[in-house]
Amino acid sequence: MLSVHNLAVARGGATVLAGLTFDVPAGEALILRGPNGVGKTTLLRTLAGLQDAVAGHFDYPADEGAYASHADAVKSALTVEENLQFWADIYGNAVSDATWDQFDIRDLRTRIAGTLSAGQKRRLGLARLGVIKRKVLFLDEPTVSLDGFSVRLFADYLRDQHLAQGGIAVIATHIDLDLAATTLELEPFTATDHQTDTGDEAFL
Amino acid sequence: MIALLRRDLMLATRAGGGFGLGLVFFLIVVVLVPFGVGPETAILSRIAPGILWVAALLAALLSLDRIFALDHEDGSLSLLATAPIPLEAVAVVKAAAHWLTTGVPLAIAAPVLGVLLHLDPSAFGLVIVTLLLGTPALSVIGTFGAALTVGIRRGGLLLSLIVLPLYVPTLIFGAEAVRRGVGGLDPVTPLLMLGGITAGAVALLPFATAAVLRMNLR
């Protein structure tokens, strides 16, 4: 479903990863591993379409990609329900009733998001993935600030809902999510030639 | 798009949203001017159109850096960029939300505050019309400036420097139209120019805003 061929990605004008080639078939997850700064976030942002690839190409069904970053994109002045409803509206979906239990936020529905704890905010941020219903997920450290129970809850969601329905996920994480997933070690792909000339930089 | 507009209006009117910021600033400036200039009604009514317009312009400037900065900080902007809604539409909605929360309240409040400046009552209608016609340009140009400075910490200074020169034509024609109305002259020409600036800005700048946002999100 996602195929990446000879991809090179750059951060701040320097190529960080090069020669990446992999396929992720429907229903499978790919775990990205590597030390800090190796380029996990850069790779995910490139795949999500937020920045251009330096070389190579990748392909997945149009309008199926979704990105989840370190930040939760939670508006603290809105309630939990309003936050979730907003993303559902943007993607033209309804918030299904099951979402509240899948991410354990049913009791928080009417709370102002500003009063949530970091872990609760994270669960709300992840619940966005449940309402936008995209098949190709790019997740950047999705389990940050989650407790053991919530991590299992999220892994269950990925395995039993998302992957079971033919979705795929590319996940950068340091912990074991207990998913039947391929692991891709990114360190061997570190680019040796750091020179990139995009022309754009010169123009600016 | 409607969902985004509704969310932005909701955020603006809730606690800490900055809805009253521009309006209160406008009120303060207009109230302070008579104290600074002195109470001669002749002078006050002569400078009233200019003061009202300058104050409205600065009030609009005040809330510009919030347009994208907050969404950038909490990650919403990246997610909106990957959402099935074009960034051009995001730019239009952001400008519209800014206009509805600053431009419209300013236009409504202006005649009321005009009383404090001994503005000729016959020009009240013209003040509302010019502000309603001109403030959309202020919001759209400001949104473009906010997009340019979105990744920069405390980019407010840079934002003002970029945006203020672009505001000058709107200010000139807006204040001129009101002045002509007060003097009993025909205000149609400056009104047409004002409308032209707004129409041009609304038609073209959202594309520039979206292009700049894409660059800044990279």
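The values are calculated or read from the model by the stated rules, or taken from the named source; none is laboratory data. For clarity, every value in this text was computed on a predicted model and none was experimentally measured. Here the Cβ is made from the backbone with ideal geometry for all residues, glycine too, and neighbour counts use every protein chain on show. Heads up: the accessible areas ignore ligands, DNA and RNA and are worked out on the full protein's heavy atoms, side chains in. Shrake-Rupley method; radii C 1.70, N 1.55, O 1.52, S 1.80 Å.
General remarks:
- Of the residues making up the stretch B:1-50, those that are charged (D, E, K, R) and within 19 Å of B:L62 (Cβ to Cβ) number 2.
- Qualifying residue in the stretch B:197-208 (condition: of a type in the set (F, W, Y), part of a helix (DSSP H, G or I) and surrounded by fewer than 22 Cβ atoms within 10 Å (Cβ to Cβ)): yes
- The stretch B:2-25 - residue that is open to solvent by less than 60 Å² (accessible area, probe 1.4 Å) and of a type in the set (G, A, S) and, of those, farthest from the other protein chains (Cβ to nearest Cβ): B:G22
- A:A62 surrounded by fewer than 21 Cβ atoms within 10 Å (Cβ to Cβ), facing chain B (nearest Cβ under 8 Å) and at pLDDT below 90: no
- Pair list, Cβ < 8 Å and 6+ apart or interchain, from the stretch A:1-24 residues that are acidic (D, E) to residues that are in a strand (DSSP E or B): A:D23/A:L2; A:D23/A:S3; A:D23/A:V4
- Entry remark, the stretch B:188-213: residues being among the polar types (S, T, N, Q) and under 21 Å from B:V127 (Cα atoms) number 2 in total.
- A:S150 meets each of the listed conditions (1) within 30 Å of B:F19 (Cα to Cα); (2) in contact (Cβ under 8 Å) with a residue 12 or more places away in the chain; (3) open to solvent by less than 40 Å² (accessible area, probe 1.4 Å) apart from (1).
- Unique match (being surrounded by fewer than 17 Cβ atoms within 10 Å (Cβ to Cβ) and either within 30 Å of B:R6 (Cβ to Cβ) or in contact with a His (Cβ under 8 Å, 6 or more places away or on another chain) (or both)) among A:T110, A:T15: A:T110
- Selected residue (only one of B:I51, B:I108 is within 30 Å of B:G184 (Cα to Cα), without any contact (Cβ under 8 Å) to a residue 40 or more places away in the chain and not in a loop (DSSP other than H, G, I, E, B)): B:I108
- Scanning the stretch B:26-45 for residues that are without any contact (Cβ under 8 Å) to a residue 60 or more places away in the chain, open to solvent by 60 Å² or more (accessible area, probe 1.4 Å) and in a helix (DSSP H, G or I) yields B:I28, B:L32, B:F35, B:G36, B:V37, B:A42, B:I43.
- Here A:A98 does not qualify as at the interface with chain B (Cβ under 7 Å from one of its Cβ atoms) and either open to solvent by 30 Å² or more (accessible area, probe 1.4 Å) or in contact with a helix residue (DSSP H, G or I) (Cβ under 8 Å, 6 or more places away or on another chain) (or both).
- Residue check, A:H70 within 14 Å of the chain's Cα centre (by Cα) and either open to solvent by 40 Å² or more (accessible area, probe 1.4 Å) or without any contact (Cβ under 8 Å) to a residue 12 or more places away in the chain (or both): yes
- When residues in the stretch A:153-176 are screened for being crowded, with 22+ Cβ neighbours inside 10 Å and at positive phi, 0 of them pass.
- Single residue of the stretch A:26-59 satisfying the filter (more than 10 Å from chain B (Cβ to nearest Cβ) and of a type in the set (S, T, Y)) that is most open to solvent (accessible area, probe 1.4 Å): A:T41
- In the stretch B:70-90, of all residues being in a helix (DSSP H, G or I) and open to solvent by 30 Å² or more (accessible area, probe 1.4 Å), the one that is farthest from the other protein chains (Cβ to nearest Cβ) corresponds to B:E88.
- Flag for B:A59 being among the small types (G, A, S), within 14 Å of another protein chain (Cβ to nearest Cβ), buried (at least 22 other Cβ atoms within 10 Å of the Cβ) and under 18 Å from B:A146 (Cα atoms): no
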